[in-house]
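K.L.:
Got a structure here, written out as structure tokens. Questions coming.
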Amino acid sequence: MTTIGVIHSQDLSPDELASAIWIIKQYSLPVPMDQTLCGTTEFSCAGGHITKISNMPGTTTTNGLPDPNLRLTFPAVELIAVNQNPFFSVADPALSLYDQLPTCCPSLTTIAMMSDPSLQNFPNNFDLIAPSTLLLATFSLTGRTTITFPSHPLVSQMQLFADGNATEFIIDDSVRLPKLAMLGFGQYTGSSLRSIGNFTAKSFPSLTFLYPFLLWTTPPINLNLDLPSLTSLEFSDNPQSPNTNIRFANTSSLNSLTFYGGDITFEPGLDQFPNLKSVTSHRYNSSRYPFLTGYPPSIETISFIATPINTIPAITIPSTATIFDFSSNQIAMPIDFDTVLKNMTGNLGLNLRSNVAFQGPLDQEKSLCRLKLLYMSGTSITSVPDCFWCYVNEAAMRFSAPHLSIPPGFTCQITFEDTNLISIFKRAIIKGTNLGWGQSGGVLFSTIVPNEQLEAIIPALLTDGPPQLINIPFSVYYPLYTYPFNVTEAGFNVSSIDFKQIPNQLAIITVVFAPVNTYLSHNVSIDGVLATPNSRVANTYQFEIPNLSNGSYDVRIFNNYYSTIMKQVAYIQSYPIVDNFVSTSQYVVTGSILQFNGNFGTALLSSSIIIQNNNSQYNFTVCSTTQFLSTRISCITLSPISSGLATFNITVDGYSIIEQYTIQSAQQQCESDTNHCGNNGVCTPDGSCNCNVNQGSYYNDCSKPFPFATSGQVNDQNSTQRSISLFGDFGPFGLTNSSVTINNTMNCIIDQLESTQFQINCQLVSSPTTFGPASVQLNVNGSLFDSKTYLIRFIKPGGGSTTTSPTTTTSSATTGGNTKTPQEICEETTQSCFGHGYCDENGICQCEDKYNPVDNCLTKFADNTTYIPNPESPSTNISVDGVEFGFDIVAIQEIGLDNEIVKELLTNSWLSNITINSSLTNAVYQLVISNTSILFANTTTQVTVNMSFSQQSRTVEFGNQQLLINSNSIKMAVSINGWEYSSNVATLRVVIKTTTNNQQSIEYDCKETDIESFSYDDYGTLQYLRVLKDNVQFNGRFIDFALADGRTTYSQTLLINQTQISSNQSTAMIGISLPQCQTCILDPDFTPLLVVNDKAGGDCSSSDDNKWKIIVGCVVGGIGIVAIAIASVIYAKMKIKHKRHNKKMESKLREFN
């Protein structure tokens, strides 16, 4: 024990002192087992903690056994070094310091455990030892046959050695040493080792230095290295040379190699290591030349001293070599120095000293003159090349051969390939023989190849002018070695270079040199294309080159002796450049003036403009130049061009530029101005409307079809009925060669003087013989019209005409020879007006007050009716005593000649304005036309619905008639304005959807009476819709006329289709037709009625069900209704029975379908 002077500022804690005593006992250290241990060489302390623990083999003391249960604690220890003598043991072999390292020493940075017999669990838990501080680790393991490499996250240096018992070093796939940079491993005694695990980048990603310590083994040991980071491989020196095969998976990083003996092989050969710079071998015991396959390409130093090597083969040494030391070997001639030294440039020192067998003359081996140094002492050579004697007196030694002396009468023969030299920036290359190593006096030399090529630096050389005579000395020690040369400067610098655009696809390249020898010719090329010289003023040269496009170019500037490349010189086509494009009109048509503002150069030799697009028609036009200035070009289009993105090819003085602009053509102007020709034609590219072909014609850019009639009247209806007036649009071109026909049979002669575009007055040739509604046919200058609906009505002389019959009429009938009067027939068919009136002599029911004559007094006008307007749409529900009915307007359709749907406007979005006062509820709806609708572009189309309800009866004027609206009825007025029609025969149809009963009937006085859902007039027009539900009947009245442009005209209501939705009900689509009009108004109404059974008498059946019943049909809903009236009548005494007759039902459903 050695005690040193240590001042303790603080004692060890009891636990740490106990841990130190455990170490002292286990390793039998001659150290006091108290606080004074900190003053020994074995323990270093600071701040109340042990910082270092180390022992050296030597004197031991028996201190007793350590505590087997003590958990060691050394919180501040940084170094633990256990260096046991292999012949000593520990106090208790069952206890191990290594096993406690993961928990006792968190600050450990260095650990060394040599020949510790308690080190049995290594490498278990090694990765847990001070994982954030441990950097250096050394282990020498005794008595192990297998040595397993450990893992650790931080260790950067490691040594791992085994004794003579070891047969294997194991590196399994789980080993991870990510920070390990330096590794020494091996066996320091014995020859039992047989296997070494593979070194991989996965386990050793940072390993840079590898130091194997391997002995002679049989068979050879394989060392497999796959280490991309390995730069140095150095075998440690030992008495036995290793017998090892080294296999490299990666050869790119190795920089230095040191090995011993001649029994190490390398796979691949050393010539495959691109960055290997140093190879050193000691005790190389083979005569085999180690580089028979070639040298490492970047080699600098090779050292093989005192080996059996006897020759240097004819393999060229790389130019990177600086030291080749083959001294004290057995090398002898012949040697092909021309091949070996072919790449030398004065960097290599060749050491062949003490090769006793090396003898003979070398005066013809001129390649030795390329060396920096040649060492030949201790050899038997008899001569050296002249170059060494030419400069033997220079201060720098070039060769060492003390046994040689300069030949008597020696004269140095210096020769030159050419004395006319080209200088590049005052540097001229001189080629010849015996030129020396560049030790001149007045001229500086840079050695390229000693004695063969020197670069002379000539500061006094003029940069501009013809060749100059310059005397160049080759050695300050030999003044006679001075010779004259004619030197011409060829180097130049480029001060600036730029391009300039000139007409006809040419560019001027201006090169300003600083300096340049104007005595020589200089040229320029781009991409191999040689420019043509244009001019020179002083140091400024100009060249012409054709066909450059915008971009950056590498420009080569050269003369016969020197060249340089100016990288990425930008050529920008300065013109034509268009800053903006202006058209004198919004639309581009034939003759439009286009103006382009920008830069168009100053030459102004020629210009052209071509406009193109990708459309199928009118996709090309020439724009002829009308004005050509440096900043503006104006041109006029020679033909139409279609709309869209157009490409403008603008060419000025042979240069073209492509610009794209979106233009609006005459076709686009036409589409905008005419709403696509009123959707009745197409706009041609020249801006005119090409209307659709049909039996009529159009005017006003196809927006106005003609001829058509919306209404008509018989002016002399009370006399001859020959004077006819028709109202509509008959075209703006006059009525010459026009004709009118009534019912396709009666010619009506046009009064040309009294007729206009919107009214035709004509006279029938004779009075009509057929009476009732009549159609109209027109031929206006070859354009035809045939009304699909009736426009006029002829009245039978002496007869009457009503639009809507107020009651059911009857005619006389004969039964069994007796003729019944109309009154009798009325009483029989209506059961005497169902007890609520009487049949008059004309067979018409005259009803009691509040009973409905339309139903032959069957129904009574309701009092308790509720109507709540829908704020979203004119789809209406009306309620009587909790019983509801409703309908919907779903579409407005344009109908063509063949009854096809030409356009359809869905009515699914409305704006509403609802007002309610004590006597009237009024709801006004404005249709919102969707932007996806075919009518969206036509902003003039408007659809308005006015729904009104009052509990009082009202009289409403509609056209030239007064309509009675009963109390508690809904009146609906539909107005359509500004519709654009596809042809002169197109009409409108408002479609309403509702639900009807498949069968409905009542029973009165034990007699069943069917109630038809639909009733029609004599001409097939739907007059009434009836729907029964519980004791309520709703009546819808559809009058047979409408208003077309303010005039009364015939309107036909038809059942479009009926679709069964259940066994009891169907959905009905009802269409109300209108002629072609710009202002169209419909005006239907709905009336609720109560069904009352006040018939006295007993029950007609055995059933105890005394309630009247009806079969529910459907809720009525419609599109385009003018007015709907819903009537319900309550029968107080009448029994309505709901009968389910399956066969009858099925038959009727088949009829509906």
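The values are calculated or read from the model by the stated rules, or taken from the named source; none is laboratory data. None of these values were measured; they are calculated from a predicted model. All Cβ positions, even for glycine, are placed from backbone atoms using ideal geometry, and neighbour counts span all protein chains on display. To get the accessible areas, we keep the full protein, side chains included, count just its heavy atoms, and leave off ligands, DNA and RNA. Shrake-Rupley method; radii C 1.70, N 1.55, O 1.52, S 1.80 Å.
K.L.:
Is there any pair linking a residue in region 717-746 that is without any contact (Cβ under 8 Å) to a residue 24 or more places away in the chain and part of a loop (DSSP other than H, G, I, E, B) to one that is of a type in the set (Gly, Ala, Ser) and open to solvent by less than 60 Å² (accessible area, probe 1.4 Å), with Cβ under 9 Å and at least six apart or on different chains, and which?
P.N.:
Ser719/Ser767
K.L.:
Further, regarding this structure: From the list Gly64, Gly48, Gly39, which one is farther than 23 Å from Ala137 by Cα, open to solvent by less than 60 Å² (accessible area, probe 1.4 Å) and in contact with an Asp or Glu (Cβ under 9 Å, 6 or more places away or on another chain)?
P.N.:
Values: Gly64 fails: in contact with an Asp or Glu (Cβ under 9 Å, 6 or more places away or on another chain); Gly39 fails: in contact with an Asp or Glu (Cβ under 9 Å, 6 or more places away or on another chain).
The conditions single out Gly48.
K.L.:
Give the number of residues within region 345-367 that are of a type outside the set (S, T, N, Q) and either in contact with a Leu (Cβ under 6 Å, 6 or more places away or on another chain) or under 19 Å from Ser328 (Cα atoms) (or both).
P.N.:
Let us first name the residues in region 345-367 that are of a type outside the set (S, T, N, Q), namely 346, 348-350, 352-353, 356-358, 360-363, 365-366.
So of that shortlist, the ones also either in contact with a Leu (Cβ under 6 Å, 6 or more places away or on another chain) or under 19 Å from Ser328 (Cα atoms) (or both) come out as 348-350, 352-353, 356-358, 360.
The number of residues fulfilling the criteria is 9.
K.L.:
Collect the residues in region 855-894 that are open to solvent by 40 Å² or more (accessible area, probe 1.4 Å), part of a loop (DSSP other than H, G, I, E, B) and not small (Gly, Ala, Ser), keeping them in residue-number order.
P.N.:
Of region 855-894, the ones open to solvent by 40 Å² or more (accessible area, probe 1.4 Å) are 860, 863-864, 866, 868, 870-872, 877, 881-882, 884, 888, 890.
With part of a loop (DSSP other than H, G, I, E, B) added as a condition, the list becomes 863-864, 868, 870-872, 881-882.
Of everything in region 855-894, those that are open to solvent by 40 Å² or more (accessible area, probe 1.4 Å), part of a loop (DSSP other than H, G, I, E, B) and not small (Gly, Ala, Ser) turn out to be Asp863, Asn864, Ile868, Asn870, Pro871, Glu872, Asp881.
K.L.:
Next up: Every residue in region 1042-1095 that is β-branched (Val, Ile, Thr) and either touching a Leu at 6+ places or on another chain (Cβ under 8 Å) or open to solvent by 50 Å² or more (accessible area, probe 1.4 Å) (or both), please.
P.N.:
Step one: of region 1042-1095, the residues β-branched (Val, Ile, Thr) are 1048-1049, 1053, 1056, 1059, 1061, 1067, 1070, 1072, 1079, 1081, 1087, 1091-1092.
Once the filter is applied, which keeps residues that are β-branched (Val, Ile, Thr) and either touching a Leu at 6+ places or on another chain (Cβ under 8 Å) or open to solvent by 50 Å² or more (accessible area, probe 1.4 Å) (or both), region 1042-1095 yields Thr1049, Thr1053, Ile1056, Thr1059, Ile1061, Ile1070, Ile1072, Thr1079, Ile1081, Val1091.
K.L.:
Please pick out the residue among Asp116, Asp173 that is among the acidic types (Asp, Glu) and either in a strand (DSSP E or B) or open to solvent by 10 Å² or more (accessible area, probe 1.4 Å) (or both). Reasoning before the result, please.
P.N.:
On the way: Asp116 fails: either in a strand (DSSP E or B) or open to solvent by 10 Å² or more (accessible area, probe 1.4 Å) (or both).
Of Asp116, Asp173, the one residue that is among the acidic types (Asp, Glu) and either in a strand (DSSP E or B) or open to solvent by 10 Å² or more (accessible area, probe 1.4 Å) (or both) is Asp173.
K.L.:
Report the residue count in region 450-500 for those that are open to solvent by 20 Å² or more (accessible area, probe 1.4 Å) and of a type outside the set (Ser, Thr, Tyr).
P.N.:
If we filter region 450-500 for residues that are open to solvent by 20 Å² or more (accessible area, probe 1.4 Å), which is where we start, we get 452-453, 455, 457, 459-460, 462-464, 466-471, 473, 476-484, 486, 493-500.
Adding the requirement that they be of a type outside the set (Ser, Thr, Tyr) leaves 452-453, 455, 457, 459-460, 462, 464, 466-471, 473, 476, 479-480, 484, 486, 493-494, 497-500.
Count: 26.
K.L.:
Now, a different point. Go through Thr345, Thr339 for me and flag whichever is out of contact with any Pro (no Cβ under 6 Å at 6 or more places or on another chain), open to solvent by 10 Å² or more (accessible area, probe 1.4 Å), assigned to a loop (DSSP other than H, G, I, E, B) and within 18 Å of Leu374 (Cβ to Cβ).
P.N.:
Numbers: Thr339 fails: assigned to a loop (DSSP other than H, G, I, E, B).
Of Thr345, Thr339, the one residue that is out of contact with any Pro (no Cβ under 6 Å at 6 or more places or on another chain), open to solvent by 10 Å² or more (accessible area, probe 1.4 Å), assigned to a loop (DSSP other than H, G, I, E, B) and within 18 Å of Leu374 (Cβ to Cβ) is Thr345.
K.L.:
Does any residue in region 49-68 that is within 13 Å of Met33 (Cβ to Cβ) come within less than 7 Å, Cβ to Cβ, of a residue that is open to solvent by 40 Å² or more (accessible area, probe 1.4 Å) and part of a loop (DSSP other than H, G, I, E, B) six or more places away or on a different chain, and which pairs are these?
P.N.:
Asn63/Met33
K.L.:
Please go through (1) open to solvent by 70 Å² or more (accessible area, probe 1.4 Å); (2) of a type in the set (S, T, N, Q); (3) part of a strand (DSSP E or B) for Asn931 and return the number of the only condition it doesn't satisfy.
P.N.:
For Asn931, the exception is condition (3).
K.L.:
If Leu1025 meets every condition in (1) part of a loop (DSSP other than H, G, I, E, B); (2) open to solvent by less than 10 Å² (accessible area, probe 1.4 Å) apart from one, which number is that one?
P.N.:
For Leu1025, the failing item is (1).
K.L.:
Please pick out the residue among Glu848, Glu841 that is modelled with pLDDT of 90 or more, touching a helix residue (DSSP H, G or I) at 6+ places or on another chain (Cβ under 6 Å) and of a type in the set (Asp, Glu).
P.N.:
Details: Glu848 fails: touching a helix residue (DSSP H, G or I) at 6+ places or on another chain (Cβ under 6 Å).
Answer to the check: Glu841.
K.L.:
Taking region 685-700 as the region of interest, how many residues are more than 28 Å from Leu1043 (Cβ to Cβ), part of a loop (DSSP other than H, G, I, E, B) and not aliphatic (A, V, I, L, M)?
P.N.:
Looking only at that region, the number is 5.
K.L.:
Is one or more of the residues making up region 100-111 more than 60 Å from the chain's Cα centre (by Cα) and outside any helix (DSSP H, G or I)?
P.N.:
no
K.L.:
If you don't mind, another one. Restricting to region 688-702, name every residue that is surrounded by fewer than 21 Cβ atoms within 10 Å (Cβ to Cβ) and farther than 16 Å from Gln777 by Cβ. Walk me through how you get there before you give the answer.
P.N.:
First, pick out the residues of region 688-702 that are surrounded by fewer than 21 Cβ atoms within 10 Å (Cβ to Cβ): 688, 690-695, 699-701.
If the condition is that a residue be surrounded by fewer than 21 Cβ atoms within 10 Å (Cβ to Cβ) and farther than 16 Å from Gln777 by Cβ, then Ser688, Asn690, Cys691, Asn692, Val693, Tyr699, Asn700, Asp701 are the ones that fit.
K.L.:
Among the residues in region 308-317, are any open to solvent by 30 Å² or more (accessible area, probe 1.4 Å), β-branched (Val, Ile, Thr) and part of a strand (DSSP E or B)?
P.N.:
no
K.L.:
Those residues that are in a loop (DSSP other than H, G, I, E, B) and at pLDDT 95 or above, I need them from region 13-31; list them, please.
P.N.:
Matches in region 13-31: Ser13 only.
K.L.:
Taking Thr647 as meeting all but one of (1) part of a strand (DSSP E or B); (2) surrounded by fewer than 18 Cβ atoms within 10 Å (Cβ to Cβ); (3) touching a residue at least 40 places away in the same chain (Cβ under 8 Å), write down the number of the exception.
P.N.:
(3)
K.L.:
Name the one entry in Pro773, Pro768 that is assigned to a loop (DSSP other than H, G, I, E, B), closer than 26 Å to Ala1042 by Cα, open to solvent by less than 20 Å² (accessible area, probe 1.4 Å) and not hydrophobic (A, V, I, L, M, F, W, C).
P.N.:
On the way: Pro773 fails: assigned to a loop (DSSP other than H, G, I, E, B).
None of the others qualify; the one that does is Pro768.
K.L.:
Going through region 393-422 one residue at a time, which ones are surrounded by fewer than 17 Cβ atoms within 10 Å (Cβ to Cβ), within 15 Å of Gly436 (Cα to Cα) and β-branched (Val, Ile, Thr)?
P.N.:
Residues satisfying the conditions are Thr411, Thr415.
K.L.:
How about region 1031-1062: which of its residues are β-branched (Val, Ile, Thr), in a strand (DSSP E or B) and either under 25 Å from Asn852 (Cβ atoms) or out of contact with any strand residue (DSSP E or B) (no Cβ under 8 Å at 6 or more places or on another chain) (or both)? It would help to see each step written out before you state the result.
P.N.:
Here is the first cut: in region 1031-1062, the ones β-branched (Val, Ile, Thr) are 1032, 1039, 1048-1049, 1053, 1056, 1059, 1061.
In the following step, the residues that additionally are in a strand (DSSP E or B) were identified as 1032, 1048-1049, 1053, 1056, 1059.
Val1032, Thr1053 - these are the residues of region 1031-1062 that are β-branched (Val, Ile, Thr), in a strand (DSSP E or B) and either under 25 Å from Asn852 (Cβ atoms) or out of contact with any strand residue (DSSP E or B) (no Cβ under 8 Å at 6 or more places or on another chain) (or both).
K.L.:
From (1) farther than 27 Å from Ala306 by Cα; (2) crowded, with 21+ Cβ neighbours inside 10 Å; (3) touching a helix residue (DSSP H, G or I) at 6+ places or on another chain (Cβ under 7 Å), pick out the condition that doesn't hold for Leu374.
P.N.:
It fails just one condition, (1).
K.L.:
Say whether the condition of being open to solvent by 20 Å² or more (accessible area, probe 1.4 Å) and within 30 Å of Glu980 (Cα to Cα) is met by at least one residue in region 720-732.
P.N.:
Step one: filter region 720-732 for residues open to solvent by 20 Å² or more (accessible area, probe 1.4 Å), giving 720, 722-723, 732.
Now restrict to residues that are within 30 Å of Glu980 (Cα to Cα): 732.
Scanning region 720-732 turns up at least one residue that is open to solvent by 20 Å² or more (accessible area, probe 1.4 Å) and within 30 Å of Glu980 (Cα to Cα).
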